[in-house]
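The values are calculated or read from the model by the stated rules, or taken from the named source; none is laboratory data. What you see is a predicted model; the values in this text were computed from it and never measured. Every residue, glycine among them, receives a Cβ derived from its backbone with ideal geometry; neighbour counts consider all protein chains shown. We work out accessible area using only protein heavy atoms, side chains counted, and drop any ligands, DNA or RNA first. Shrake-Rupley method; radii C 1.70, N 1.55, O 1.52, S 1.80 Å.
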Amino acid sequence: MDKCGDAGVFDHPPATPKGSDEQGGLGNQDDPDLREDSSPPAAKRRKRNTKAKENKKPKMDEVEIQKMKLLVSSFSEEQLNRYEMYSRSAFRREAVKRLIQRASGTTVPQNVVIAMSGLAKVFVGEVVEEALDVCQKWGETPPLQPKHLREAVRRLNSKGQIPVTKPKKVSLF
């Protein structure tokens, strides 16, 4: 292991310098045989480790794809319709971009808009799921009504799962 705790980073031990004097100096720095360490630089070691991780990733993705196919094949007709509707739904990127730009006062790149659209979709999913739980707990049946959504937001807020919407007033002086 090296200092960072990375085992197996070096395929061979560092080469000892040839032609070094007793004080540790090297005779010729330009000769590759006389360099103090012939192991690859840290950037290349990291790059090699990254490639190893990338090779493992597709295998995990294939496993996840197979699991997803198995799950979807076991859906009932109603569940399949709901899943298709959910997977096709999305927030319009233009509207999300406008909202972010209005709130931040700066322009935002497209990848930020895509990420925020995904987060918004997950957030809405959590609110709807909680609203369905509220509806069931109250002994009512869907469709959801505004009172179910308000109660769901109240519950999520009490759990600390909804961010603060009103900024606190900060006094500078």
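For the stretch 134-152, which residues satisfy the criterion of being surrounded by fewer than 15 Cβ atoms within 10 Å (Cβ to Cβ) and either within 30 Å of the chain's Cα centre (by Cα) or part of a loop (DSSP other than H, G, I, E, B) (or both)?
Step one: filter the stretch 134-152 for residues surrounded by fewer than 15 Cβ atoms within 10 Å (Cβ to Cβ), giving 136-143, 145-147, 150.
Of everything in the stretch 134-152, those that are surrounded by fewer than 15 Cβ atoms within 10 Å (Cβ to Cβ) and either within 30 Å of the chain's Cα centre (by Cα) or part of a loop (DSSP other than H, G, I, E, B) (or both) turn out to be Trp138, Gly139, Glu140, Thr141, Pro142, Pro143, Gln145, Arg150.
Residues checked against (1) closer than 20 Å to Tyr83 by Cβ; (2) modelled with pLDDT under 95:
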position: Ala115; (1), (2): no, no
position: Val127; (1), (2): yes, no
position: Trp138; (1), (2): no, no
position: Pro142; (1), (2): yes, yes
position: Arg150; (1), (2): no, no
position: Ser158; (1), (2): no, yes
position: Ile162; (1), (2): no, yes
position: Ser171; (1), (2): no, yes
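Looking at Ala131, is it of a type in the set (Gly, Ala, Ser), in contact with a Leu (Cβ under 6 Å, 6 or more places away or on another chain), surrounded by 14 or more Cβ atoms within 10 Å (Cβ to Cβ) and under 21 Å from Tyr83 (Cβ atoms)? Here the answer is yes, as Ala131 does meet what is asked.
In the stretch 70-114, the residue that is surrounded by the most Cβ atoms within 10 Å (Cβ to Cβ) out of those that are more than 23 Å from the chain's Cα centre (by Cα) and part of a loop (DSSP other than H, G, I, E, B) is Phe75. Restricting attention to the stretch 115-128, the residues being open to solvent by 70 Å² or more (accessible area, probe 1.4 Å) and free of Cβ contacts under 8 Å to residues at least 12 places away in the same chain number 3.
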